[in-house]
Amino acid sequence: MEQLSIIIVNYRTPQLVIDCIRSIDQQNAISPYEIIVVDNDSKDGSETIIPGEFPDVKFIQMGYNSGFARANNEGIRQSQAPVVLLLNSDTIEKDRAIYNCYQQFITSHYIACGVQLLNTDGSPQISGNFAMKGGLNYLLPLPFIGNFLKRLATVIKIKKPNIPNATDTVEVDWINGAYLMVKKNAIDTAGLLDEDFFLYAEEAEWCNRLKKAGELCIFGNCNVLHLQGESSNETFASTGKGYYNLFDKKGLQIMLSNFVRIRKQFGVIWFLFDLVFYIITIPIFFIGIIFDKCFGNDTYSVKQWKGYLKNVLLIIHYSGKIIKGEPYFYKVL
């Protein structure tokens, strides 16, 4: 029987998937293990290309672009091993990271774990995070206001919401979904990923439920390269890395998913509190751009302000559904 099921979601990134699987096979991950590729109706030849390259890989076709949560859930349902690894297609294993992570994980009391993700230049990415009351960390990307809040947090010595670089085993509240290893018995208790989410924030919400079944950690002595944002940027025709882009369709999906998570995890009052901050930012953002230009700075553009305004208005449009909390697929693509 397989010891580990590795689940990779694909949407029009067959070469990334091939490179990812090659790195796993070359590193001799776990024996025996299975790799499950879940395709979100790519319609780009992935259905032929990936199985043609790796005949032993289990290939699942969703038939529509189901996003991250639904595709991974189907992979989990069809997996055979007692441990599953949700792995982004834009990751490359190095130094037998999966093997070393798995060996530490199965002998530990942790019910979910991640590794230290790295950029291609070797610099660390944020891999483990701490939950802030009310999702207040989602205010940090706000133009101008976010920088003020960061300085304020430094002055009053508020704990950072993440681990910039884990070098040892560190307990966390939630783990970056690019690499998330979970024991099946914990999933039996916590349930699968919430299928209201299309993309972003679903792993944070899931980890909140998983944490009620046991502790989560980052194994900082294991490293995996993560080409952050490569697959999602292609999907949304967007640019940039991380979650500070609030100005285009990708930014709308990030904002919408974050607000859905706030409502589910922290309740209606916190949802409304954070939404007020996003609304207040609209005039502050515009005034900030004017002041910037007076001093010869171009931190943001009027085009970005217009994109932000449009996205906030759309969040307000969705707010009734979010507040009601009824099942709904929050997909904007």
Taking region 70-123 and keeping only residues that are assigned to a loop (DSSP other than H, G, I, E, B) and either within 19 Å of the chain's Cα centre (by Cα) or within 15 Å of Cys20 (Cα to Cα) (or both), one is left with Asn88, Ser89, Asp90, Lys94, Asp95, Arg96, Ile111, Asn119, Thr120, Ser123
Go through (1) part of a helix (DSSP H, G or I); (2) in contact with a helix residue (DSSP H, G or I) (Cβ under 7 Å, 6 or more places away or on another chain); (3) among the charged types (D, E, K, R) for Arg12 and report which single condition fails. (1)
Total residues in region 269-302, condition within 20 Å of Leu256 (Cα to Cα) and surrounded by fewer than 12 Cβ atoms within 10 Å (Cβ to Cβ): 2
Kindly evaluate Gly146 against the criterion of being of a type outside the set (D, E, K, R), under 26 Å from Val312 (Cβ atoms) and within 17 Å of the chain's Cα centre (by Cα). no
Does region 184-232 hold any residues that are surrounded by fewer than 21 Cβ atoms within 10 Å (Cβ to Cβ), in contact with a helix residue (DSSP H, G or I) (Cβ under 9 Å, 6 or more places away or on another chain), in a strand (DSSP E or B) and not polar (S, T, N, Q), and which are they? Leu225
Look at Val312 and say whether it is in contact with a helix residue (DSSP H, G or I) (Cβ under 8 Å, 6 or more places away or on another chain), under 20 Å from Gly251 (Cβ atoms) and surrounded by 15 or more Cβ atoms within 10 Å (Cβ to Cβ). yes
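So that you can scan it fast, the table gives a plain yes or no per residue for (1) of a type in the set (D, E, K, R); (2) at pLDDT below 95; (3) under 17 Å from Leu256 (Cα atoms); (4) in a helix (DSSP H, G or I):
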site	(1), (2), (3), (4)
Gln304	no, no, no, yes
Tyr308	no, no, yes, yes
Ile315	no, no, yes, yes
Lys321	yes, no, yes, yes
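Which count do you get for residues in region 282-321 that are of a type in the set (Val, Ile, Thr) and in contact with a Pro (Cβ under 9 Å, 6 or more places away or on another chain)?
So in region 282-321, the residues of a type in the set (Val, Ile, Thr) come out as 282, 284, 287, 289-290, 299, 302, 312, 315-316.
Applying the additional criterion that residues be in contact with a Pro (Cβ under 9 Å, 6 or more places away or on another chain) yields 284, 289, 299.
Final tally of qualifying residues: 3.
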Can you find, within region 155-169, the residue that is modelled with the lowest pLDDT among those that are farther than 25 Å from Val276 by Cβ and buried (at least 17 other Cβ atoms within 10 Å of the Cβ)? Ile163
When only residues in region 124-154 that are hydroxyl-bearing (Ser, Thr, Tyr) and not in a loop (DSSP other than H, G, I, E, B) count, which is farthest from Cys207 (Cα to Cα)? Thr154
Cross-chain or 6+ apart pairs with Cβ under 6 Å, region 305-333 first and free of Cβ contacts under 8 Å to residues at least 40 places away in the same chain, then surrounded by fewer than 16 Cβ atoms within 10 Å (Cβ to Cβ) and aromatic (Phe, Trp, Tyr): Lys321/Tyr328
If I filter region 146-154 for residues that are in the same structural domain as Tyr99 (by TED's automatic domain parsing) and surrounded by fewer than 21 Cβ atoms within 10 Å (Cβ to Cβ), do I get at least one hit? no
Mind counting the residues in region 155-183 that are charged (D, E, K, R) and in a strand (DSSP E or B)? 2
Read through the list (1) at pLDDT below 95; (2) more than 22 Å from Asn147 (Cα to Cα), then give the number of the only condition that Lys293 fails. (2)
Looking at this structure, is Val115 without any contact (Cβ under 8 Å) to a residue 60 or more places away in the chain, crowded, with 23+ Cβ neighbours inside 10 Å, under 18 Å from Phe219 (Cα atoms) and not assigned by TED's automatic domain parsing to the domain that holds Asp274? no
Mind listing just one residue for me: the one in region 15-62 that is among the hydroxyl-bearing types (Ser, Thr, Tyr) and closer than 21 Å to Ile98 by Cα and, of those, modelled with the lowest pLDDT? Ser31
With respect to Leu275, is the statement that it is in a helix (DSSP H, G or I) and without any contact (Cβ under 8 Å) to a residue 40 or more places away in the chain true? no
Among the numbered conditions (1) in contact with a helix residue (DSSP H, G or I) (Cβ under 7 Å, 6 or more places away or on another chain); (2) part of a loop (DSSP other than H, G, I, E, B), tell me where Gly63 comes up short. (1)
Tell me the residue from Ser42, Ser66 that is hydroxyl-bearing (Ser, Thr, Tyr) and closer than 18 Å to Leu192 by Cα, please. Ser66
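The values are calculated or read from the model by the stated rules, or taken from the named source; none is laboratory data. Note that the coordinates shown come from a computational prediction; the quantities given were computed from them, not determined experimentally. With ideal geometry, Cβ positions are generated from the backbone for all residues, glycine too; neighbour counts draw on all protein chains shown.
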